[in-house]
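Worksheet: one structure, shown below.
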Amino acid sequence: MTQKNASHAATAPRVLVSGSFDSDFATAILNSAIRNLADNTLKHLDGTGVTAVIVNATSSTTSPAELIDEYDGLIVLGGSDVHPKMYGQEVENSCVYGINPRADEFEISLVRGAVAARMPVMGICRGMQVFNVALGGTLVQDVGAGTIHNVAEDNSAMTEHPVRILPGTKLAEILGDGEIGIQSAHHQAADRLGEGLIVSAVAPDGVVEAIELSDSWGVGLQWHPEDSNADLTHVDMLFKAFAAQCALHARGRTSAPTV
């Protein structure tokens, strides 16, 4: 399954947007929420100068390596939990839900391929967790009850809380450092960081809310800037910055000498 925002010319940078759609392991409410957030992502990418194509991580028959060769940027969307076996653990908490190893393996391979190709990467919520796990990091399987991060058992509803963006980071270059309000829906979080990653935002309770690559352009956000109740100036700034990096990557690919 693919879906495009086809208003741009064929020469526009191509962005692959990966999500776990219509999963048999997720609730109908969560599947609907994921679809809505994907639609919002396409809407906000439209007008940034890229052509976005959605791929279903639960059912794609195209190899991640082929896809990385075809695209100039990667966004991994939110969704269900990453199976703990992907980061060397067993399921240790009854709150772990909707796990789909096929989708995990597909998106982890996409992220690893993109990072190896120095392709711009953005991970949103689950996508940030996939980003961390793909590079050898681990996750907190459950941050605990009564936190500021979620209000629904399957994380299908948003809650609002502040995060502090750390100075000197790529995220600070885009949004400025200091505190902003965000829309959040997660019960897991980054624990040990993957190779080459640094923390770029934290919640008031110390939970990691954003990570990024230190030596190339990759950003993971634990919140949902694309949610309809979020400050939409933030998603526009984030996606414009991402699109600009995709354009640079596309130019580098086309100008690279052939062997």
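Structure data summary
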item: Check on Ser156, among the polar types (S, T, N, Q), part of a loop (DSSP other than H, G, I, E, B) and touching a residue at least 24 places away in the same chain (Cβ under 8 Å); result: yes
item: Residue satisfying condition, being loosely packed, with under 13 Cβ neighbours inside 10 Å and modelled with pLDDT under 95, within set Gly168, Gly206, Gly252, Gly176; result: Gly252
item: Any hit, the stretch 96-104, residues being touching a helix residue (DSSP H, G or I) at 6+ places or on another chain (Cβ under 6 Å), surrounded by 21 or more Cβ atoms within 10 Å (Cβ to Cβ) and at pLDDT 95 or above; result: yes
item: Residue under evaluation Ser200, criteria (1) hydroxyl-bearing (Ser, Thr, Tyr); (2) under 21 Å from Val76 (Cβ atoms); (3) surrounded by fewer than 22 Cβ atoms within 10 Å (Cβ to Cβ), criterion not met; result: (3)
item: Number of the exception - Val50 against (1) in contact with a strand residue (DSSP E or B) (Cβ under 7 Å, 6 or more places away or on another chain); (2) farther than 26 Å from Asn229 by Cβ; (3) not aromatic (Phe, Trp, Tyr); result: (2)
item: Lone qualifier among Asp154, Asp205, Asp142 - being over 23 Å from Val121 (Cα atoms) and touching a helix residue (DSSP H, G or I) at 6+ places or on another chain (Cβ under 7 Å); result: Asp154
item: Subset of the stretch 211-238 [part of a loop (DSSP other than H, G, I, E, B), more than 14 Å from Leu37 (Cα to Cα) and of a type outside the set (S, T, N, Q)]; result: Asp215, Trp217, Asp231
item: Among residues of the stretch 190-204, those that are of a type in the set (Gly, Ala, Ser), farther than 13 Å from Tyr87 by Cα and in contact (Cβ under 8 Å) with a residue 60 or more places away in the chain, counted; result: 1
item: Contacts under 8 angstrom Cβ, first residue in the stretch 234-259 being among the charged types (D, E, K, R), partner assigned to a helix (DSSP H, G or I) and modelled with pLDDT of 90 or more, 6 or more apart; result: Asp236/His44
item: Close pairs from the stretch 103-115: first within 10 Å of Met86 (Cβ to Cβ) and β-branched (Val, Ile, Thr), partner modelled with pLDDT of 95 or more and not in a helix (DSSP H, G or I), Cβ under 9 Å, at least 6 apart; result: Ile108/Val82
item: Qualifying residue in the stretch 217-228 (condition: crowded, with 22+ Cβ neighbours inside 10 Å, in contact (Cβ under 8 Å) with a residue 40 or more places away in the chain and aliphatic (A, V, I, L, M)); result: yes
item: Conditions (1) touching a Ser or Thr at 6+ places or on another chain (Cβ under 8 Å); (2) assigned to a loop (DSSP other than H, G, I, E, B); (3) closer than 25 Å to Glu195 by Cα; (4) among the acidic types (Asp, Glu): number failed by Glu92; result: (1)
item: Candidates Gly79, Gly49 - the one that is of a type outside the set (S, T, N, Q), touching a Ser or Thr at 6+ places or on another chain (Cβ under 7 Å), farther than 15 Å from Ala114 by Cα and part of a loop (DSSP other than H, G, I, E, B); result: Gly79
item: Which numbered condition Thr233 fails, given (1) under 15 Å from the mean Cα position of the chain (by Cα); (2) farther than 23 Å from Ala114 by Cα; (3) not aromatic (Phe, Trp, Tyr); result: (1)
item: Leu248 vs. criteria of a type in the set (A, V, I, L, M, F, W, C), part of a helix (DSSP H, G or I) and closer than 17 Å to Met128 by Cα; result: no
item: Qualifying residues in the stretch 62-92 (those that are among the hydroxyl-bearing types (Ser, Thr, Tyr) and at pLDDT 95 or above) - the one surrounded by the fewest Cβ atoms within 10 Å (Cβ to Cβ); result: Thr62
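The values are calculated or read from the model by the stated rules, or taken from the named source; none is laboratory data. Keep in mind that what you see is a predicted model, and the values were worked out from it rather than measured. Here Cβ is always computed from backbone atoms with ideal geometry, including for glycine, and neighbour counts include all displayed protein chains.
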